[in-house]
1. Among (1) under 23 Å from B:GLY217 (Cβ atoms); (2) away from every other protein chain (no Cβ under 14 Å); (3) not basic (Lys, Arg), where does B:SER58 come up short?
2. Looking only at residues that are under 18 Å from B:GLU26 (Cβ atoms) and aliphatic (A, V, I, L, M) in region B:64-77, which one is farthest from the other protein chains (Cβ to nearest Cβ)?
3. Quick check on A:PRO403: is it surrounded by fewer than 22 Cβ atoms within 10 Å (Cβ to Cβ) and part of a loop (DSSP other than H, G, I, E, B)?
4. For region B:100-112, how many residues are among the aliphatic types (A, V, I, L, M) and either more than 10 Å from every other protein chain (Cβ to nearest Cβ) or without any contact (Cβ under 8 Å) to a residue 12 or more places away in the chain (or both)?
5. Considering only residues of region B:194-222 that are hydroxyl-bearing (Ser, Thr, Tyr) and in contact (Cβ under 8 Å) with a residue 24 or more places away in the chain, which is nearest to B:LEU166 (Cα to Cα)?
6. I'd like the residue in region A:375-392 that is in a helix (DSSP H, G or I) and within 15 Å of A:ALA305 (Cβ to Cβ) and, out of all such residues, is nearest to the other protein chains (Cβ to nearest Cβ).
7. Can you confirm whether B:ILE144 is more than 13 Å from the chain's Cα centre (by Cα), crowded, with 21+ Cβ neighbours inside 10 Å, away from chain A (no Cβ under 12 Å) and not in a loop (DSSP other than H, G, I, E, B)?
8. In this structure, does A:GLY444 turn out to be crowded, with 22+ Cβ neighbours inside 10 Å and in a helix (DSSP H, G or I)?
Amino acid sequence: MASIFALSSIRAKRAKGNIPKGFAKSPIVNMIVSVIGFPLSAFLTYLFIARIIKNEALIRLTCTQLLIFIPSFTVFLSIMFSLMFEFSQSSSAASTDMINWLPIGATEYVLGSALCIMYFMSPILSLILGVSLGLAIHTSMTSIWILAATLGLLGAFLGAFVIEVVRALINRASASLYKRGGKSTMVIRLFTSILLIATFSIMFNINVLQTFIQWFVGSISNAWFLPMLWPSLAIMKFIQADLAQTMIYTLLSVTFTLVFLWISVRTIEKYWVPVPVSINLPSPKINAPKNGFLGIFGFTATETALIQKDLRSLIRRKEMASWIAIPAMMCIVTIITIPWNPTAHTMYKILFFMTPGFGILLLAFFLALVGIGQEGRAFVNLMIAPLGAKQIVKAKLAAALLPSTCALFALIVFVQALAQPGLEVMLAVTVASFAALLEATLVGLSVGVRYPDFAELPRVRFVSQQGALYGMALMGAAVAAVCLPILAHLFFLSRLISLPVATALTLAIAAVTCYLSYQTAMLGMQQLYRRGLRF
Amino acid sequence: MEYAVVFESVSKSFERIQAVRNLNLEIECGFVYGLLGPNGSGKSTVMKMVTGLVKPDSGRIYVHGFDVQRDSMKVKKILGYVPETPRLYEFLTGLEYLDFIADIHGLDAHIKKSRIEEFLEVFELEGRENEMISGYSHGMKQKIAIIAALLHKPKLLVLDEPLSGLDPKSARIVKNLIHKMADDGVTTIMSTHVLEIADAVCDKITILYQGEKLAEGTSAELREKAQMPNSTLEEVFLKITGTNSTKEIIEALDS
């Protein structure tokens with residue numbers, strides 16, 4: 001038992017990576033937050049629910065839906081957390097992990113891993129269980145809550161065991177798959193990663209969650225053949241006072257979890273150590289140095305080589321996929337949560353595209369922010385090469401701007417096609433969008449160059465937490481400043497500032513702020529060079 | 001006499017640790033120069049200072065007459081460096097990485113092509129060049145790092161433990177390459193823990209200990225200084241660095 005706890009603690013600390021010294025370093029913090037969070041959320045829910053929702057029937061319905069949903073949600077949550085845990089760990093790090101050569105059995109390994117996931121999930125679990133307890137006490141459904149909480153915890157372990165099986169099988173399959181798949185495997189990996197992160201983010205969107213719970217509870221009884229849903233069915237039958245079926249589904253759930261524990265132990269025993277994948281990417285020839293279409297924008301062959309390298313990094317590294325997932329997630333959330341109304345006012349239609357537009361700004365910002373840190377320790381290659389700070393800054397900017405500009409261009413085409421605003425409005429929107437995009441990229445780079453995080457093990461982060469916070473704040477302020485004249489015209493001062501004047505003001509502000517950000521980025525890069533290697 | 005590298009009273013410390021103390025060195029052009037010393041003696045710091053990766057706290061370093069701090073761009077153009085652990089872009093294939101390094105150094109397409117193909121063949125990486133570096137063994141990564149350092153035909157090669165992880169055949173190839181390049185006037189500074197290699201490859205050796213230069217000379221001169229004319233370089237090294245009392249330690253471990 002002690003070795004299981006020790007193992008889970010080691011894995012949790014590895015996953016947390018380079019968290020600063022002090023209290024937050026220990027996974028025990030999550031447990032403390034959970035222990036405090038559970039009674040607090042239960043108490044607050046119990047205290048305020050009647051004031052928030054006046055309709056008792058609605059409270060009862062919400063409580064019922066939530067209790068039925070809990071066990072299935074914890075299975076899903078556990079699977080997602082485990083996948084995210086695996087997602088940012090490099091395969092070479094995993095293969096040399098000391099867990100692989102310590103005297104630990106497969107059962108201890110699986111239980112340790114599952115416990116580690118529990119550490120991370122515990123704050124969310126405690127919140128869900130606390131809120132549902134508050135509701136259950138209010139509606140006198142405490143006995144149902146006890147069953148839901150028990151099956152919820154069981155579900156969390158079930159999810160963790162499922163992932164252990166998946167991980168072991170991936171360890172087995174990935175090497176041969178990657179060898180055979182080549183470039184197509186890279187694309188599949190990229191899209192899977194994006195989908196995974198987008199799903200993880202969307203599942204915490206309250207509107208999406210509410211819609212899903214209602215749909216789920218309505219259709220669960222028709223899906224009795226899915227073992228993952230048996231815990232939820234047990235609760236549903238308990239609410240319907242069908243004790244025989246409650247017993248059957250509960251026993252089936254426990255059996256199913258134990259079977260998965262057995263399967264995961266067996267698969268881990270068989271395929272334990274992940275093999276660092278070897279991917280073959282046939283390249284017919286050595287390229288002649290060229291600057292291609294980037295030459296039109298004044299990029300040299302050397303800068304083009306740097307840009308090409310960064311674009312390959314974006315497509316090929318699983319750690320980079322999260323930055324592409326952000327705009328993807330924002331687009332999906334918009335489509336799911338905001339209804340498109342073809343008869344609405346043009347301005348409403350344009351606003352519909354604001355969330356995806358902001359997602360694209362974030363894409364450019366994050367790519368620039370992590371541009372230096374993503375070099376990792378291979379940054380030494382640039383430091384010993386005959387490159388100037390200006391060349392690197394230009395290349396990093398272009399690498400962040402290229403994909404985001406393409407995405408923004410596509411979005412503007414959509415806006416034009418669907419909202420069909422007048423020429424003046426379209427021009428203003430286009431100018432403001434591209435100015436904000438450039439500004440966000442420049443701010444990202446100017447901050448990223450000052451706060452790079454070159455650490456590669458156990459996890460990559462690319463930018464320090466301090467840098468990420470400063471960057472977000474600065475980017476928000478800079479983009480707001482750039483868009484202010486046009487937004488002011490659209491929403492408040494249309495009589496005081498005409499749209500062409502607002503557009504011209506936006507351009508002027510963008511020119512000044514972009515120049516300042518560029519100079520700051522250049523200065524930061526020169527300082528980074530002067531400071532020398534610190535790893 | 002023309003010097004490839006000159007250290008003038010160079011010192012460097014990392015927080016409380018004095019990595020290099022008042023080091024003076026003069027390395028002649030076309031020489032293979034060995035840096036020996038126990039772990040933490042300052043060898044890697046000396047090498048990183050030559051490349052400009054680490055800035056000295058005091059003193060000056062010149063490479064072929066260029067000040068490493070002031071004329072860093074000129075120095076980088078004539079320098080090839082292989083760090084202790086290869087730092088490569090693991091998401092690129094071996095070929096893409098070499099292609100990238102060649103582009104950074106501005107090599108022409110045909111020169112780039114012929115050199116890359118030649119080196120891939122010499123180091124027996126043909127057929128593996130299209131695999132992503134993340135799947136390479138340590139030795140293969142080391143070979144790629146060595147090729148990358150040689151692609152632009154540097155005048156000064158800085159090799160930190162260049163033979164670590166290489167199989168005997170590849171190690172022999174690297175040793176022969178170093179000799180051949182020395183004949184062509186290329187200067188090499190290399191560190192190694194394998195004293196037989198230093199003995200066989202280096203024209204001149206400096207022994208560093210706790211950041212200070214303890215001795216300098218050819219291996220024969222070092223033997224003479226240590227008054228051990230018939231001893232191996234290992235015995236000389238242990239005597240000079242004062243770390244020759246290993247017998248007692250091993251006996252203590254055995255008991």
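1. All conditions pass for B:SER58, except number (1).
2. Here is the first cut: in region B:64-77, the residues under 18 Å from B:GLU26 (Cβ atoms) are B:64-68, B:75.
When the remaining residues are screened for being aliphatic (A, V, I, L, M), the result is B:68, B:75.
Details: B:VAL68: 11, B:VAL75: 9 Å.
Going through the qualifying residues, I end up with B:VAL68.
3. Judged against the criteria, A:PRO403 is not a match.
4. So the first thing to find is which residues in region B:100-112 are among the aliphatic types (A, V, I, L, M), and the list is B:101-102, B:104, B:107, B:109, B:111.
This time we only want the ones that are either more than 10 Å from every other protein chain (Cβ to nearest Cβ) or without any contact (Cβ under 8 Å) to a residue 12 or more places away in the chain (or both), so: B:104, B:109, B:111.
Residues flagged as among the aliphatic types (A, V, I, L, M) and either more than 10 Å from every other protein chain (Cβ to nearest Cβ) or without any contact (Cβ under 8 Å) to a residue 12 or more places away in the chain (or both) within region B:100-112 amount to 3.
5. As a first pass, look at region B:194-222 and keep what is hydroxyl-bearing (Ser, Thr, Tyr): B:206, B:209, B:218-219.
From what is left, the residues that are in contact (Cβ under 8 Å) with a residue 24 or more places away in the chain are B:206, B:209.
Working: B:THR206: 24, B:TYR209: 26 Å.
The residue in question is B:THR206.
6. Taking region A:375-392 and keeping what is in a helix (DSSP H, G or I), we get A:375-383, A:389-392.
Still in the running and within 15 Å of A:ALA305 (Cβ to Cβ): A:375, A:378, A:381-382, A:391-392.
Working: A:GLU375: 8, A:ALA378: 5, A:ASN381: 7, A:LEU382: 8, A:GLN391: 9, A:ILE392: 11 Å.
Taking the candidates together, the pick is A:ALA378.
7. On the way: more than 13 Å from the chain's Cα centre (by Cα): yes; crowded, with 21+ Cβ neighbours inside 10 Å: yes; away from chain A (no Cβ under 12 Å): no; not in a loop (DSSP other than H, G, I, E, B): yes.
No: the conditions fail for B:ILE144.
8. Numbers: crowded, with 22+ Cβ neighbours inside 10 Å: yes; in a helix (DSSP H, G or I): yes.
When the stated conditions are applied, A:GLY444 passes them.
The values are calculated or read from the model by the stated rules, or taken from the named source; none is laboratory data. Just so you know, these numbers come straight off a predicted model, no measurement behind them. All Cβ positions, glycine included, derive from the backbone under ideal geometry; neighbour counts span all protein chains shown.
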